[in-house]
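Let me begin by presenting the structure, written as structure tokens, before commenting on it.
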Amino acid sequence: MDIQFVAQIDASADVVAFPVRKGGAAALGALLGAAAAQARFDGAAGTVAETAAIDGDRAKRLLLIGIGEGGVHDLERAGAALTARLQTSGVATVHVDFVSAGTVDADDILAFATGATLRNWRIDTYRTRLADNARPSLQTIVIAAPGGAPSGWAEAQAIADGVAFTQTLVAEPPNILYPESFVERCQHLADLGVELEVLDERQMKALGMGALLGVAQGSTRPPRLLAMRWNGGEPGAKPVAFVGKGVTFDTGGISIKPAAGMDMMKWDMGGAG
């Protein structure tokens, strides 16, 4: 997903979304106001209403996106709703007009763009059949923001990319994502300056990791433990440690686990992911 920020909407845009606060539909003008009334659209966060307008010999697709009371979570829901509506619609680019949305600040724009990016994740790797009208088409969201690109966008985009990476790891089947391939998937983090250390079975045994090694005995795949270090703090500051469970498929207690829930055991590496 490519998010772009501009000063104002391009007049040639043929798909335009208008963020609307809750209760703000009355100020939209005749066309958009009628569309809101017909759809019973009141600007609640994450709601969408649509209409069309003729501009010369072209038809424009116009969307109303509810941003609720305007809080961060409402804006994230609104961005996600826009992506959900258009992701497989055949639309490649949508312009979002925050300039006419009233009082908005950089945090509003940031939250909207983040929500739109997060909702764009999907995994089609193992689909053998996918109808043309079910294929993703949305590639670009152009946001007209009063202050241009929000200063925190690079960080928010990096976080969203990290969330998408985690979702992909969690979604992978356990015959594809196992300890060794999990470690391999993380190697690109070294390019960002993350120090990676991988412990094998012998090293884990020497450190007394009996519980984890006991779980590993249930698999033909050898265990691995991945330690990642990022020295980004102030010199001399105490480190912060996160420990994420990384069992790529937990078959433990199989005699008491119902078969219907066994597929979910691949999620046991969600914390490590």
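The values are calculated or read from the model by the stated rules, or taken from the named source; none is laboratory data. All of these numbers come straight from a predicted model, not from anything done at the bench. Every residue, glycine among them, receives a Cβ derived from its backbone with ideal geometry; neighbour counts consider all protein chains shown. Accessible surface areas use protein heavy atoms only, side chains included; no ligands, DNA or RNA. Shrake-Rupley method; radii C 1.70, N 1.55, O 1.52, S 1.80 Å.
Could you work out which residue, out of 94, 104, 243, moves most in a Gaussian network model of the chain, that is, has the largest mean-square fluctuation with Cα springs under 10 Å?
The residue that fluctuates most here is 243.
Treating the angle as unsigned and between 0 and 90°, give the value, to the nearest 10°, between the Cα long axis of helix 106-119 and the longest Cα principal axis of the chain.
Orientation of helix 106-119: about 60 degrees from the principal axis.
How large is the Rg to Rh ratio of the stretch 1-106 when both quantities use alpha carbon positions and Rh follows Kirkwood?
Radius of gyration over Kirkwood radius for the stretch 1-106 works out to 0.93.
Which loop trypsin sites (Lys or Arg not before Pro) in the stretch 90-197, with loop taken from DSSP, have no more than 16 other Cβ atoms within 10 angstrom of their Cβ?
122, 127, 129
If I model a spin label at residue 11 and residue 241 as a point 7 Å from the Cα along the Cα→Cβ vector, what separation in nanometres do I get?
Taking the two extended label points, one gets 6.3 nm.
Could you sort 229-238, 56-65, 173-182 so that the peptide with the highest average Cβ count within 10 Å comes first and the rest follow in order?
173-182, 56-65, 229-238
For an R0 of 25 angstrom, estimate the FRET efficiency from the Cβ-Cβ distance between residue 188 and residue 140 and round to the nearest 0.05.
With R0 = 25 Å, the Cβ-Cβ based efficiency is 0.50.
Compute the distance in nm between two label points, each set 7 Å from the Cα along the Cα-to-Cβ direction, one at residue 157 and one at residue 27.
3.1
Could you check the spin-label model distance between residue 175 and residue 107? Points 7 Å from the Cα along Cα→Cβ, value in nm.
4.9
What size of dipole, in debye to the nearest 20, comes out for the stretch 161-205 about its Cα centre when the only charges are +1 on Lys and Arg C-beta atoms and -1 on Asp and Glu C-beta atoms?
160
Apply the Karplus curve 6.51 cos²θ - 1.76 cosθ + 1.60, θ = phi - 60°, to the phi angles in the stretch 204-215 and return the couplings in whole Hz, x for Gly and Pro.
Couplings: 5, 5, 5, 8, x, 7, x, 4, 5, 5, x, 5 Hz.
Let me confirm the definition first: pairs of Lys residues in the chain, 8 or more apart or on different chains, C-alpha distance under 30 Å. How many are there?
8
Work out from phi, with θ = phi - 60° and the Karplus expression 6.51 cos²θ - 1.76 cosθ + 1.60, the ³J(HN,Hα) of each residue of the stretch 268-273, listed in order in whole Hz, and give x for Gly and Pro.
With the stated coefficients, the stretch 268-273 comes to 5, 9, x, x, 5, x Hz.
Binning at 5 angstrom from zero up to the longest distance, how are the C-alpha pair distances of the chain distributed in percent?
P(r) for the chain, in whole percents per bin: 1, 5, 10, 13, 13, 12, 10, 10, 9, 7, 5, 3, 2, 1, 0, 0.
Antiparallel versus total DSSP beta bridges in the chain: what percent is that, nearest 5?
40
Relative to the longest principal Cα axis of the chain, at what angle does helix 72-86 sit, 0 to 90 degrees, rounded to 10?
80
Solvent-accessible area of residue 100, probe 1.4 Å, all protein chains present, reported in Å² to the nearest ten, please.
Residue 100 exposes around 70 Å² with every protein chain in place.
Based on DSSP H runs of at least 4 residues, each adding -39500 (n - 2.57), what is the mean residue ellipticity at 222 nm of the chain after dividing by all its residues, to the nearest 500 deg cm²/dmol?
One gets -8500 deg cm²/dmol as the mean residue ellipticity at 222 nm.
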